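These notes are about the structure you will find just below.
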Amino acid sequence: MEYSLQYYWEHYNGKINLPPDLPADKNEFSYLFYKKRGDQPCYNILKNIDPANSVLSTSYFIGVDWVHEKKLAIYVAPKLNTKPGVSITSSDDWQSIKETDYLNMLFSCIRHSDVAKEIKELFEIKWDKPEIEIEQKKDLLTPLLVVQYLVLVKDIVRKGLKKAYYRVEENLYSKVKGKVKVSATIKRNLLRNKKLNTFCSFEEFGLNCVENRLIKKALVFIRKYLPTYLNIGSEAYIKDLINYISPAFDTVSDEVELSEIRHTKPNVFYKEYEEAIRLSKLILSRYGYNISNIEKDTISTPPFWIDMSKLFELYVLGLLKDRFQSHVQYHFTHYGNELDFILKSDKYKLVIDAKYKPKYIDGEIDEDIRQVSGYARLKKVYNFLEKEYPESIDCLIIYPDQENGSNSLANIELLNAEVQSYNGVFKLGIKLPLIS
């Protein structure tokens with residue numbers, strides 16, 4: 001590995017030691033993650049005259065990416081500073097940094113089927129860029145792909161596997177079916193004095209179609225992969241998914257050629273298959289379609305980013321649904337305005353926003369509060385909540401708080417902490433699962 005790979009964490013703001021041979025005419029390096037509400041920077045680097053004193057700031061994205069191809073790459077870990085505002089300058093300060101169990105957050109919310117559909121907006125993969133070699137245990141992308149894939153395949157199994165025509169080549173005894181493969185019949189039968197055998201190619205209708213075989217092959221990879229990933233927080237949940245899915249594929253082969261995969265066509269009656277095939281290809285391509293590569297200590301990965309603010313939003317949605325079920329609505333929209341959540345229950349009628357910003361622990365962000373307050377003045381929101389103007393609608397901002405936050409939203413008062421400078425605006429901290 002000739003390039004430099006440096007490790008940091010989300011919400012980092014401090015020094016980065018840049019290689020001296022980076023382009024002299026470029027003083028800033030950054031990458032923007034595409035989001036519906038406006039692109040957001042994954043990282044930003046300001047180059048100093050002394051490269052060792054350059055400054056890196058990361059936001060709420062985790063992953064690995066090139067700062068400059070073949071020279072410098074950075075890895076951003078899912079770690080939250082439990083003491084906001086404290087500068088991490090030495091290994092002793094690392095004790096205030098805890099690794100967020102982002103998979104546990106994902107498991108917490110995908111139990112709700114309508115939440116699981118939102119996973120595809122969580123990450124971005126740069127397949128066209130050179131791969132970066134990292135330790136397999138630091139691989140953040142594959143577990144995410146695996147979880148999304150298993151949830152999708154579970155829905156396919158629940159609805160029933162697709163049946164289709166598929167081509168079979170078989171050496172038949174005393175009969176002919178379909179098209180006779182003359183060359184194969186001569187080589188494998190006549191030259192071996194098997195005069196009653198005929199090698200034939202024909203079509204059959206059933207479950208062993210190329211799409212199901214591709215899904216089965218990815219499942220075989222996943223079974224081999226699970227024991228190698230030590231940090232998986234809810235491995236039991238994944239095993240339950242596999243145990244639910246596997247029996248449906250007992251009669252399906254896992255033998256599939258890349259040439260067959262390229263010729264699959266979408267089917268309106270099996271809409272989930274198109275996404276399942278795409279994910280199967282992603283999972284298999286991570287290991288070069290070779291199961292033995294799963295056992296290596298290192299893995300080459302394309303650059304990727306995972307949006308932790310989106311994951312936090314889905315995590316909060318899962319907690320809200322755990323308590324309020326269908327009384328909470330996600331992404332309530334009105335002419336370009338998109339609310340995170342709107343809650344209409346017997347006790348609460350609220351506009352709720354999830355902010356993945358530790359600053360709320362001991363402060364507030366006026367821009368966020370103005371935004372959520374503006375949502376609460378929409379006529380469509382008043383109509384949905386059955387409120388009459390000028391009656392005000394309360395707003396709630398939910399943020400991460402590892403010290404004093406709640407582990408869940410069950411049986412707690414949502415409107416307990418009013419934001420000091422505003423009327424009718426409240427905030428609520430929740431704890432995120434951590435890797436011990």
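Every read-out reported here was derived from the displayed coordinates using simple, explicitly stated rules and does not represent laboratory data. These numbers come from a predicted model, not from an experiment. Please note: Cβ atoms are built from the backbone with ideal geometry, for glycine as well, and neighbour counts cover all protein chains shown.
Observations
- Added length on full extension, which subtracts the Cα-Cα distance from 0.36 nm per residue, Asp254 to Leu226: 8.3 nm
- Rounded D (µm²/s) - the chain, Kirkwood Rh over Cα pairs, Stokes-Einstein at 37 °C, 0.692 mPa s: 132
- Rg ratio (alpha-carbon, reference 2.2 N^0.38 Å) - segment 123-236: 1.63
- Dividing the Cα radius of gyration of segment 297-436 by its Kirkwood radius returns 1.01 for Rg/Rh.
- Zone of Tyr422's modelled label, taken as backbone nitrogen in segment 374-416 under 17 Å from a point 7 Å along Cα→Cβ: 374-379, 381-382, 392-400, 414-416
- Comparing Arg188, Arg111, Arg278 in a Gaussian network model of the chain where C-alpha atoms under 10 Å apart are linked, the largest mean-square fluctuation is found at Arg188.
- Label zone at Glu169, where the point sits 7 Å out along the Cα-to-Cβ direction: segment 191-205 residues whose backbone N lies under 18 Å: 191-192, 197-204
- Segments 307-315, 417-425 sorted - mean Cβ within 10 Å per residue, highest first: 307-315, 417-425
- Length added when fully stretched, Asn383-Asn44, from 0.36 nm per residue minus Cα-Cα: 117.8 nm
- Net length gained if the chain between Lys195 and Asp322 were fully extended (0.36 nm per residue, minus Cα distance): 39.0 nm
- For the residues Arg323, Arg167, Arg377, a GNM of the chain with alpha-carbon springs under 10 Å puts the largest fluctuation on Arg167.
- Dividing the helix sum by the residues of the chain, where each DSSP H run of 4 or more adds -39500 (n - 2.57), gives a mean residue ellipticity at 222 nm of -8000 deg cm²/dmol.
- Anisotropy class of segment 1-77 from Cα gyration tensor, a/c 1.5 cut: prolate
- Sorted by Cβ density within 10 Å, fewest first, the residues Asp362, Asp394, Asp254, Asp25: Asp25, Asp362, Asp254, Asp394
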